Structure formats: structure tokens, C-alpha cells
Amino acid sequence: MEFHLFLLLTCLSSLAVARTPPPSAVWSVKDTRTGGYCVLAALDAQFTIYFNATFPAAPNTTHIAPSHALTLPSTANVVQDQSYCDAGSVLAPRQRIVLQWGTYKTNLTLTFAQDPVTNTTTIKEVQLQYDLNDAAIFPDRTPLENNIVTAVSSGQIDTIPNHMYKQCLTGFTTLLKINGEKDLNATMAWSNVRLQAFRNQTTTTFEGNADVCQGDQHLTTPTPFITSTAPPPLPLSGAFYNLTYPNGSQCLMVHFDLGITAMYYKKDATVGNGTIASVNNGTINHTLSWCSENRSMLVIEEFLPSWRLKMQFDNWSGKAYMSMVQLKYNLHTSWKFPDADEHADMWMNATSLKRWSSTLGHSYKCLTRQDTLKLDTAGQRAVESMTLYLGQVKLRAFVPYNETITNGTQTWGQEEECGMDVLTNDIVPIAVGCALAALVVIVLIAYVIGRRRNRARGYESM
């Protein structure tokens, strides 16, 4: 009995430890008017920054390279004269914390805004400022006149109910756009996050209940769809694309077979019809692709010269789905569109979509039906219509950050099949059932006929 009680207490204590936030540094901003702390921040962060670098063997050639590991150390200091508790207006107050570290004074700024109408606090903006002179992080960089670079988030990061604090131990990723650069960006991978603003306590303890992010739900609630079995085999045709978190685990897994058909304008003012049956040799542009807790972007290039496919995936109300497709194309780069009149790069969109929807944590699967997606032709001068055909589809988006990886692979989770796949899977058992039913009917008929013949013979013998 004592041994069982000891074992139970040990298990409970281990669970409590697993759910307790790690003892990371807690940074704070003090309100000089009241003496209380208005902002508390505890987090780990790792940054991937893309920059123009020079090949040592070819000094006149540049390429885009990711930075070496840039992390937020626990020894970072709060820049008190740049942090504040009382900016903005009465109707839209703002608070800010600025962290600084390193010889080259790297700065991370988190700005919070309060909405009195919705009674929420918004993580309004994230800004990273760094120095390209730091050769340990940016080797072989291309010399610039101004080495101080700023990268800023686009749009709000998250919201927190007032009198609560945000907790996201599993983490998420935020895209940061580098000022003055069209094709360069940075990503910030958050983890072990606890944030609280618009407070006035004299202690640096997070007050109230935790507003837990989606990725942390599995820390307290079992997720039966995560298994240790190997993923099912991929379809026979198509291509597999995936995006990963900084720890190497996958945040987005998608497989599809892409076909393209266009009714395009020719030089002789007629309309041609061009079709590319299967385009599955694309590569991911990791500079433009990214993952976050509620939205992910996959950018595929090089399947045709000067063509680019952008696919946006959203997480809303417990559902993961594809919400937008954008296609950059140039008809002149493919022999499938002979005598095309327009030679310039063009863009087409399909927005407000809700395709390939599945419950968060599950995966979508549709191998038998081809998904037809017509792009918006408004303002197009090169094509009359453009249609994408997407078949052999499997999608799992917003995979938890620290999901168990077995034998170097991650599972597709529980699959949610489209109607045609369900029908196809049911055909065999239905056919077998019908055959058995027919056999039973035949046996019954034979039995009845046999009985009648036996009776007739009995009467004749009498």
C-alpha cells in the first residue's frame, strides 16, 4: 500500500513538473509614477535572419544566406529609457519593453496595446534591431553603408484578455520583414513564453490565470491522434513539401499533384489553350515561407521558370485549412503556351477559400478526387482563364511544436477523408456484402425448388 502511494505521488509530481513553466529570466518595466511593474516578459527566442552575403571565391557574386544562431540570452538587459508604461492616448494606451544584449547591442522590442472596448491586450508589434558588423553571426556579409538593420512584424501577434497573462510554452513563429528589403526577411521562434502588460503590481509574479495558446493544449489534455506508428505511404504521384520549426520538427506537411490549364491570348488576337498535366518538381523558397500559431505560408518555385505558387493556411475555430492561393506566372517561359502575346510576369489569386479543411491536429486526405481551383482573372491581360488542378492531396498544418518524432518521422495524425475517398474505401466491403447476400438468396431459392420437387415425387409414388 505504501509503495503504491509513493508511486502515485511520484507520478503526480512528475506531471506537475512537466506543466510548470521553466525558470527562465523574467524581464520587467517599472512605472516610476506608481512604483509598480507594468510589463512582465519571460521567453526564449531564436532568430533566423536572411542577409546578402558574398562568396569568398567570387567577391562580385552575392547570395542570400541565413544567419548563424542568434538567440535571446537570459542575461539580456531591459533598456529602461526606451521602455515605457504610459504612451499612447487614453483610448489607445501602449506599453513597451526593450531588451538589449551582446557587444553589438542587439535590441528586441515588444509593444503592447490595450483595447478598452474588447477588454483585451494586444501584442501589437515585435521589432528586432541588429548590426551586420557582427561577423560571428553574419559571415561574408556584403558591405553596406548602414550596418544597423531593423526587422518588424506585420500585424498584431496575439491578444490577451485583461487581468490574464499569455502562456505558450510550446512556442510559435513570427515573420519579421526587414526594412528596405524586398526579398529578405527574418523569423523569430518563440518558446517558453509568458507575457503580461497593463498591470500595476509591486511584484514580478504573473497575476491572474494563464491564457494558454493552442499549442499548449496537449500539455494538459491527451491528444489521441498522435501515434508512434510510421506514417502511411504517400500517394504514387505528386510532390511532398514541408516546413520545419527550429528544432527540426515539422510544422506543415502537404502533398499534392499539380496541373495547370490556361486559356491565353495569342499574338494573332486568338485564344489558345495550354495545359501542363503534372508539375511536381518545385522547390520551397524558405526565405518567403514561414509558420506561426494561426497562419502559415508555403512558397514553391522553380517548377517552371519565373513561376511561383504561394499557399496560405489558416487556423480558425479549431479547423486547419487552405485559405488563399496566389500564382505568379510568365507564359513566355513555357513551350506549353506557344505564341503567347504577353511576356511579363503576372499575378493571379484565389482568396477567401476554405479548402482541405480538417480538425486541428488531424490531417486532410483526398486521393481519388481532383480539386479544381479557378483563379480570379480581374485585371488580367494575358489570360482569359487560369485553372489549377490539385489531386492526390494530403495536408497536415499547425503540427504541435514538440510533437513526438518516431524513427526520424512524424505522423499524419488521424486522417479525415473527403467524400470520394470514403466512398471508394466502402466499395469493397459493400461489394462483398452484396455478393454474400446474393449467394444466400440463391441458396434459399435452390432449397425451395428442391423441397417442391421432393414433394412432387412423394405424391407420384403414392
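Coordinate-derived values only; no laboratory data. As the structure is a computational prediction, the values presented were derived from the model and not from experiment. Glycine gets a Cβ as well: all are built from the backbone with ideal geometry, and neighbour counts include every protein chain shown.
Can you pull a Stokes-Einstein diffusion coefficient for the range 239-420 at 4 °C (1.567 mPa s), Rh from Kirkwood over Cα pairs, as a whole number of µm²/s? Answer, rounded: 75 µm²/s.
Students often get this wrong, so check it: of 336/374; 177/267; 177/328; 124/310; 374/394; 266/328, which have C-alpha atoms separated by over 29 Å? Each step should come with its number before you reach the end.
Values: 336/374 19 Å; 177/267 40 Å; 177/328 21 Å; 124/310 26 Å; 374/394 20 Å; 266/328 19 Å.
The answer is 177/267.
The Cβ shell under 15 Å around residue 37 holds other residues with a net charge of +2, Lys and Arg each +1, Asp and Glu each -1. Among the trypsin sites (Lys or Arg not before Pro) in the range 304-388, those placed in a DSSP loop whose Cβ has at most 10 other Cβ atoms within 10 Å are 381. With a ≥ b ≥ c the root eigenvalues of the C-alpha gyration tensor of the range 302-395, is it rounded (a/c under 1.5), prolate (a/b larger than b/c) or oblate? Note, shape of the range 302-395 comes out prolate.
Treat the range 141-207 as a sphere of radius equal to its Kirkwood radius over Cα pairs and apply Stokes-Einstein at 37 °C in a medium of 0.692 mPa s; give the translational diffusion coefficient in µm²/s, rounded to a whole number.
Numbers: Rh = 14.8 Å.
In µm²/s, the coefficient rounds to 222.
With K and R counted +1 and D and E -1, the other residues having a Cβ less than 9 Å from that of residue 152 yield a net charge of 0.
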